[in-house]
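Worksheet for the structure shown next.
The values are calculated or read from the model by the stated rules, or taken from the named source; none is laboratory data. From a predicted model like this one, the values you see are computed outputs, not experimental measurements. Virtual Cβ from ideal backbone geometry, glycine too; neighbours counted across all protein chains shown. Side chains are part of the model used for accessible areas, which takes the heavy atoms of the whole protein and leaves out ligands, DNA and RNA. Shrake-Rupley method; radii C 1.70, N 1.55, O 1.52, S 1.80 Å.
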Amino acid sequence: MNTLWKSFFGFAEDNPEETYDEAVERAKRLLGEHNYEDAVRVLRYAERQNHAEAMYYLAWCYWQGTGVREDAGRAIALWRRSANMGFEPAVKRSEELRAAQERCREDTKSPGQ
């Protein structure tokens, strides 16, 4: 029974001792194989365990709508959480999004303001 819940939440059935890091690596392989549903299942579980790298990759799934319904707000929130945990790719992505938001604000200002 112990391995049943792990397989349901995305851990490898052939490795009942799989760590979150190993599960995320498997999810990345699944993404590369375009097996988005299984990858998202793994990433969601690791995300609920506050795994910063899982949040980063799950955010990309939400951003692109791969394996989940496209949701930019959820993606941005996940990138911010991951960045707050110090995951460097998420920090970089959050900075890119912040800069893009600032450019949009500047573009929408009237010339006289």
For the subset of segment 27-71 comprising residues that are open to solvent by 50 Å² or more (accessible area, probe 1.4 Å) and closer than 22 Å to Gly86 by Cα, which member is nearest to the chain's Cα centre (by Cα)?
Tyr57
What are the residues in segment 72-113 that are over 20 Å from the mean Cα position of the chain (by Cα) and among the charged types (D, E, K, R), if any?
Glu102, Arg103, Arg105, Glu106, Asp107, Lys109
Residue hits (segment 68-113; of a type outside the set (D, E, K, R) and in contact with a Ser or Thr (Cβ under 6 Å, 6 or more places away or on another chain)) are Trp79, Ala83, Ala90
Checking Thr108 against (1) polar (S, T, N, Q); (2) in contact with an Asp or Glu (Cβ under 8 Å, 6 or more places away or on another chain); (3) modelled with pLDDT under 95, which single condition isn't satisfied?
(2)
